[in-house]
Amino acid sequence: MWIRRFAVAGLIVCAGVSNAASDALPRGFVYLRDAVPDIRQDMRYASRDNFMRKRLPGYEAPECILTQDAAKALGRVQNAAVSAGYSLVVFDCYRPQQAVDAMVAWVNSGKGTDPAYYPRVSRAHLIRQGYIGAKSSHARGSTVDVALELLSGSVPEADTPPACARKDRETADFGTPFDCFDPASHTGSTAIPVSAQSLRRTLVALMKGGGFRNYPGEWWHFTLQGEPFPGKAFDFPIERR
């Protein structure tokens, strides 16, 4: 398996990004690619590679956008992760409110299960059980869905089959893939290999060190403490940087 290798000397964070692309964003927002360029972006909702199996409204480009505060904090996490032999991978960052609304409408318009994403929870119950929010912290711009990848070596095969019938490309094994809507994805789940439990604790510790708190229902979901827009939901589209 191909693994990226980095030569990182010190923290890569821009205190203020003033290029034309970021100037086009609402005040206080930046493109993560401008602030911390060595974080890999695997933006699932800008493609068909997600639980709805289509690109979501507002995701016009596969770019991570965050508040400037969250991007700076994530840069500190990346620096600590590299020192520990990992690098961050982001799956979702700022999420336009129109995409949140589309998720809610999708939940309310169907039922049944999907072995790749929600094998044991009915689609109709995904909001009720806390996997999809009618109001999402992602729309505030300081929440990120994130995993770790190894800087060297190869990703070992999982000890047991994951709860969802798929894998995340090139990331370390967290016991379930991102957006596996299943109790096994709860951060403290013990229904996964011990190695995956340990990796989840490592991710939580790294993110906590950068000022992020974890949502216990999803090991990948983190929100910046003291976020700058706690009561606001944004709806500007994610356009190409």
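Please go through segment 198-231 and give me each residue that is over 18 Å from the mean Cα position of the chain (by Cα), modelled with pLDDT of 95 or more and either part of a loop (DSSP other than H, G, I, E, B) or crowded, with 20+ Cβ neighbours inside 10 Å (or both), ordered by number.
Answer for segment 198-231, where residues must be over 18 Å from the mean Cα position of the chain (by Cα), modelled with pLDDT of 95 or more and either part of a loop (DSSP other than H, G, I, E, B) or crowded, with 20+ Cβ neighbours inside 10 Å (or both): G226, P228, F229, P230.
Out of everything in segment 12-21 that is loosely packed, with under 14 Cβ neighbours inside 10 Å and part of a loop (DSSP other than H, G, I, E, B), what residue ends up being modelled with the highest pLDDT? Reasoning before the result, please.
Here is the first cut: in segment 12-21, the ones loosely packed, with under 14 Cβ neighbours inside 10 Å are 15-16, 18-20.
So of that shortlist, the ones also part of a loop (DSSP other than H, G, I, E, B) come out as 15-16, 18-19.
Details: A15: 41, G16: 46, S18: 45, N19: 53.
Step by step, filter segment 12-21, then rank; the result is N19.
Does segment 22-57 hold any residues that are at pLDDT below 95 and in contact with a helix residue (DSSP H, G or I) (Cβ under 7 Å, 6 or more places away or on another chain), and which are they? Talk me through it step by step, then tell me what you get.
Of all residues in segment 22-57, those at pLDDT below 95 come to 22-24.
Hit for segment 22-57 is S22, nothing else.
Name every residue in segment 23-72 that is over 21 Å from C164 (Cβ atoms) and of a type in the set (S, T, Y), in order of residue number.
Y31, Y59, T67, listed by residue number.
Please go through segment 80-136 and give me each residue that is assigned to a loop (DSSP other than H, G, I, E, B), in contact with a Leu (Cβ under 9 Å, 6 or more places away or on another chain) and surrounded by 16 or more Cβ atoms within 10 Å (Cβ to Cβ), ordered by number. Before you say what the answer is, go through the steps one by one.
Initially, segment 80-136 is screened for residues assigned to a loop (DSSP other than H, G, I, E, B), giving 84-85, 93-96, 109-113, 115-117, 119-122, 126-136.
Of the ones still in play, those that are also in contact with a Leu (Cβ under 9 Å, 6 or more places away or on another chain) are 84-85, 93-96, 132.
Once the filter is applied, which keeps residues that are assigned to a loop (DSSP other than H, G, I, E, B), in contact with a Leu (Cβ under 9 Å, 6 or more places away or on another chain) and surrounded by 16 or more Cβ atoms within 10 Å (Cβ to Cβ), segment 80-136 yields C93, Y94, R95, P96, I132.
The values are calculated or read from the model by the stated rules, or taken from the named source; none is laboratory data. Computed from a prediction, not measured in an experiment: that's the story for all the values here. In this analysis, Cβ positions are derived from the backbone assuming ideal geometry, glycine residues included, and neighbour counts consider all displayed protein chains.
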